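The next block holds one structure in the form of structure tokens; read it before the comments.
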Amino acid sequence: MTAVLTEKNGAARPPVHPGGPPPPSRRRTGRERAFDDVPRWQIYLPLGLYLLFTLIPFYWMLLFALRPAGSTALVPWPMTGEHFSKVWNERSFAVFFQNSMIVGVATLIATTLVALAGGYALARFDFRIKGAFMLALLCSQFIPGALMLVPLFEIFRNLQMINSLGSVVIAETVFQLPLSIILISGFIKNVPVSLEEAAWVDGCSRFTAFRAVVLPLLRPGLIAVGSFAFVHSWNHFLFALMFLSEQDKQTIPVGLNTLIGADSVDLGALAAGGVIAAVPVVIVFAFIQKWLVTGFSAGAVKG
């Protein structure tokens, strides 16, 4: 005998016959039918045009970097590495690259650690000024970095940190923290508190429970925040220009600016420097793209 199943809302389901024919497939909506009926070329053609429009500047940069000086060919053949050798050895790009890497990695570590602590506090604790603090974090995103150059310069001058990579790291970390704290806070809210409570019952302290239970689940969010901090500090020009005066302390964005003269521009060297500056960013996004999308979407679900 076949029992009639009743759903929670009281509606009756059709009886299920074991061994009988499978239930009919779900009827497609009009939107699904319209999407399936679209010819594929109407989808791929706009995507191809957008991809072409995006890649042309990169091809143009590679063209100037790889073809010999004075050549006007649209294909970099024969290829040459003279421009890369020039900027790396003669224009001190090896030093610029090292300084940028130090600033980027230090900013990544500092931003991730501080944002992790602040995000956990916002996600797990209730305090009187929590709403005002969140509002201040959001409002700080509307303040341009150029407005803070004078007060930051005075602070670093009094601390005797001018012409030090530490000043750039601190400035970059301060400007990355508001968004990073908000993202980490939203990501931690997606982790059930019951997981930590179960660890507390087993005898773990709050820090041990966080390290053993919550922290492994935050990997996509931490990767997203850390990569964003690294890329921003790697590409940022203003702080390095204002706080670093000696050439052996400059970063790659400032080094690229030195290739632009008052009367002429060495396009080959400038393009080669641009390729050198773009390689680490491309490598970072190639390895973390899977976690990057997951981290940003998960951190934006709850706030």
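The values are calculated or read from the model by the stated rules, or taken from the named source; none is laboratory data. Source: prediction; values computed, not measured. Cβ sites come from the backbone with ideal geometry, for glycine too, and all protein chains shown count toward neighbours. The area values use the complete protein model at the heavy-atom level, side chains included, leaving out ligands, DNA and RNA. Shrake-Rupley method; radii C 1.70, N 1.55, O 1.52, S 1.80 Å.
Applying the criteria of a DSSP loop state and at most 13 other Cβ atoms within 10 Å to the chymotrypsin sites (Phe, Trp or Tyr not before Pro) of segment 85-158 yields PHE125, PHE127, PHE142.
Between the DSSP loop rule and a limit of at most 13 other Cβ atoms within 10 Å, which GluC sites (Glu not before Pro) in segment 179-260 are left? Sparse-neighbourhood loop GluC sites (Glu not before Pro): GLU246.
Extension gain, LEU52 to MET79: 0.36 nm times the residue separation minus the Cα-Cα distance gives 7.4 nm. Once the 1.4 Å probe is applied to the protein heavy atoms, segment 33-152 comes out at 67 Å² accessible per residue.
In order along segment 131-146, the Karplus-derived 3J(HN,Hα) couplings, from 6.51 cos²θ - 1.76 cosθ + 1.60 at θ = phi - 60°, round to x, 5, 5, 5, 5, 5, 4, 5, 5, 5, 6, 8, 8, x, x, 5 Hz, and Gly and Pro are given as x. Estimated from the Cβ-Cβ distance and a Förster radius of 30 angstrom, the FRET efficiency linking ILE102 and LEU267 is about 0.55. Taken along the Cα-to-beta-carbon direction at a fixed 7 Å, the label points for PHE287 and VAL150 span 4.3 nm. The length gained on full extension between ASN158 and ALA94, counted as 0.36 nm times the residue separation minus their Cα-Cα distance, comes to 20.0 nm. Backbone phi angles across segment 97-111, fed through the Karplus curve with coefficients 6.51, -1.76 and 1.60 (θ = phi - 60°), yield HN-Hα couplings of 5, 5, 5, 5, 5, 4, 5, x, 5, 5, 5, 4, 5, 5, 5 Hz in residue order; Gly and Pro are listed as x.
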